[in-house]
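The values are calculated or read from the model by the stated rules, or taken from the named source; none is laboratory data. As the structure is a computational prediction, the values presented were derived from the model and not from experiment. Counting neighbours? That spans all protein chains shown, and the Cβs are built from the backbone with ideal geometry, glycine included. Areas reflect the complete protein model, heavy atoms only, side chains present, ligands, DNA and RNA absent. Shrake-Rupley method; radii C 1.70, N 1.55, O 1.52, S 1.80 Å.
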Amino acid sequence: MDQTPQIAGQEPVAVTLAVSLKRHGVEVLFGQSLPSALHLAAPDFGMLQVNYRTENSGGVMADGYARISRKIGVVTAQNGPAATLLVAPMAEALKASVPLLAIVQEVNRDHTDKNAFQEFDHFALFSSCAKWVRRIDVPSRVEDYVDMAVTAATTGRPGPAVLLCPADLLNDLQRLAEPRSSEMGYFPLDRVCPDAERIQEAARLLAAAERPVVIAGGGVHLSGATDEIGRLQELACLPVGTTNMGKGSIDETHELSLGVLANALGSNSPARHLKGFLEEADVVLLIGTRTNQNGTDSWKLYPRGATFIHLDIDGMEVGRNYEAERLVGDAKLGLQALIRALEETGLESRRSRRASVVRDIAARREKGRQEASSVTASSSQPLRPEALMAELDLVLQPDDIVAADASYSSLWVLNFLTAKRAGQRFLTPRGIAGLGWGLPLALGAKVAAMNRRVVAVVGDGGFAHTWQELETARRMGLPVTVIVLNNGILGFQKHAELVKFGAHTVAIDFAPVDHAAIAQATGCKGVRIETREEFAQALREALSSETATVLDVITSADAYPPISVFENKL
């Protein structure tokens with residue numbers, strides 16, 4: 001790094017900050033040039049700088065990186081306008097429980113509250129979208145505050161933390177600190193097991209149930225509990241479905257898997273007939289879920305007469321919308337304890353029902369597939385997104401990662417692709433569901449897993465928020481495949497307005513855009529596609545390419561996912 005004069009036995013604060021981050025396992029910083037002192041020091045400690053084009057995309061990249069690497073994602077920004085652009089990705093991370101650390105430069109300490117250039121109240125700015133916000137004012141406290149920030153992000157329910165660093169502080173010299181060894185940049189940092197007596201009661205309820213169902217949420221991924229939920233499924237012969245964020249926590253080809261049971265179970269949903277298992281359940285085990293609106297189809301999907309058992313790390317989420325037997329703790333440890341308790345309980349009744357349950361699931365699954373074939377097998381033009389998902393599903397491998405934008409893109413992915421192993425990742429912004437997340441989520445995931453194929457599914461509306469990051473993909477050597485569903489409209493907005501008001505605003509239509517040309521202008525590959533055959537061929541080529549590729553697919557403006565509230569209204 002450059003060049004604060006060195007004094008024996010001392011080092012610049014920026015170096016101490018870099019050393020502390022490295023100790024916590026940080027290998028990547030998503031950031032532009034500020035704080036410059038930190039970015040100049042970081043390469044000396046083997047940290048890669050991924051230079052985004054906009055701060056909101058940088059925050060989303062750090063989110064995608066964290067979800068795949070299972071390490072804290074670190075994003076940096078300068079004070080003022082750059083910091084404000086971190087609010088949206090941090091709000092998503094807060095709601096979706098993703099551990100991020102935002103390192104934000106502040107004005108010089110002696111300029112505070114003097115209307116310095118780009119000075120802003122960052123404490124007020126981040127108070128609503130972070131678990132923890134602090135400023136380092138004294139050089140000797142750098143490691144203390146880094147440890148606190150990383151701990152805040154990774155302990156308990158994960159989420160974002162903010163560390164504010166005055167620009168002049170980073171160049172200060174301080175005495176070399178005593179070496180520390182604690183590493184806390186992974187999650188979950190502190191695993192706690194639910195109360196043993198409550199585990200026993202939950203085991204008793206499940207063993208005695210006639211029609212039990214398990215719903216796995218995103219907390220299963222956060223806890224790394226996919227193996228445990230598979231063992232529970234097999235041991236107790238339990239049908240298991242997932243929320244939107246829980247997709248991939250179970251192997252959807254397993255004979256006891258129900259797929260995603262959420263807000264898209266209308267006509268042409270492959271899982272439409274499987275929701276009956278949940279509607280008819282007498283005991284429902286909820287794992288790592290907020291029971292939010294989309295995950296529960298506006299709180300109408302789950303049976304009110306059932307007994308609920310709710311396992312979650314956040315006690316405030318347990319029983320929030322459904323009175324439940326409380327299992328507050330880590331999903332992995334909780335499931336391990338529950339499995340042990342069930343092994344000591346008689347499961348003969350559950351096992352005796354397995355064959356009939358498996359037959360019922362297979363029949364309902366096949367019925368849903370047959371009904372959905374009218375759209376999944378279609379070659380009509382403009383193309384149906386369901387048909388594109390069918391082609392993508394054919395070539396997806398169990399280790400592939402799929403990221404999607406909010407709105408329709410997420411629902412096409414979640415409901416028409418198959419999780420081919422427990423632990424396969426489908427990254428969607430279901431925290432606050434903002435447009436523009438798909439491409440940067442994919443880029444962050446690719447940084448975390450360079451040896452895995454990564455696909456982004458985005459609409460033309462969402463893609464317009466972040467297409468400048470194609471240059472980032474090219475410059476950083478991140479060969480992701482981007483499927484743009486180009487229907488020329490804001491689809492959800494149009495259809496929701498028609499359902500609610502019988503008319504739509506003028507804001508939903510776009511002028512034609514050639515996204516393939518945009519990709520080519522950034523040095524990436526771009527292909528414009530109008531037929532199913534063209535898509536199938538271009539997809540295979542893109543997945544084997546060493547360059548980021550945009551498939552600009554002309555799709556039907558009349559197509560919409562099987563959202564339950566749209567049923568018989570469009």
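From the list GLY319, GLY329, GLY334, the one residue that fits, being in contact (Cβ under 8 Å) with a residue 24 or more places away in the chain and at positive phi, is GLY329.
Of all the listed residues (GLU252, GLU228), the sole one being open to solvent by less than 40 Å² (accessible area, probe 1.4 Å) and closer than 15 Å to ASP330 by Cβ is GLU228. Here LEU394 fulfils each of the conditions (1) farther than 30 Å from ALA464 by Cα; (2) open to solvent by 60 Å² or more (accessible area, probe 1.4 Å) apart from (1). Total residues in segment 444-473 satisfying the condition of being open to solvent by less than 20 Å² (accessible area, probe 1.4 Å) and over 18 Å from GLY488 (Cα atoms): the figure is 11. For segment 429-482, residues that are more than 14 Å from the chain's Cα centre (by Cα), more than 24 Å from ARG540 (Cβ to Cβ) and of a type in the set (Lys, Arg) total 1. Tell me whether segment 261-272 contains one or more residues that are open to solvent by 10 Å² or more (accessible area, probe 1.4 Å), out of contact with any helix residue (DSSP H, G or I) (no Cβ under 9 Å at 6 or more places or on another chain) and part of a loop (DSSP other than H, G, I, E, B). The answer is no; no qualifying residue exists. Taken together, the criteria place ALA161 among residues that are closer than 15 Å to ALA83 by Cβ and assigned to a strand (DSSP E or B). Checked against (1) more than 16 Å from HIS24 (Cα to Cα); (2) out of contact with any His (no Cβ under 8 Å at 6 or more places or on another chain), VAL75 meets all criteria but (1).
For (1) of a type outside the set (A, V, I, L, M, F, W, C); (2) touching a Gly at 6+ places or on another chain (Cβ under 8 Å); (3) open to solvent by less than 60 Å² (accessible area, probe 1.4 Å), each residue gets a yes or a no:
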{"position": "PRO303", "(1), (2), (3)": "yes, no, yes"}
{"position": "THR307", "(1), (2), (3)": "yes, no, yes"}
{"position": "HIS310", "(1), (2), (3)": "yes, yes, yes"}
{"position": "VAL328", "(1), (2), (3)": "no, yes, yes"}
{"position": "LYS332", "(1), (2), (3)": "yes, yes, yes"}
{"position": "ASP360", "(1), (2), (3)": "yes, no, yes"}
{"position": "SER379", "(1), (2), (3)": "yes, no, no"}
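For segment 413-443, a tally of residues being among the hydrophobic types (A, V, I, L, M, F, W, C) and open to solvent by 10 Å² or more (accessible area, probe 1.4 Å) returns 6.
State which residue is nearest to ALA306 (Cα to Cα) when the search covers only segment 334-352 and only residues that are in contact with a Cys (Cβ under 7 Å, 6 or more places away or on another chain) and buried (at least 16 other Cβ atoms within 10 Å of the Cβ). Of everything passing the filter in segment 334-352, ARG350 is nearest to ALA306 (Cα to Cα).
Rundown of residues vs (1) over 19 Å from ASP312 (Cβ atoms); (2) modelled with pLDDT of 95 or more; (3) in contact with an Asp or Glu (Cβ under 8 Å, 6 or more places away or on another chain), yes/no style:
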position	(1), (2), (3)
GLU201	no, yes, yes
ARG204	yes, yes, no
HIS221	no, yes, no
GLY248	no, yes, no
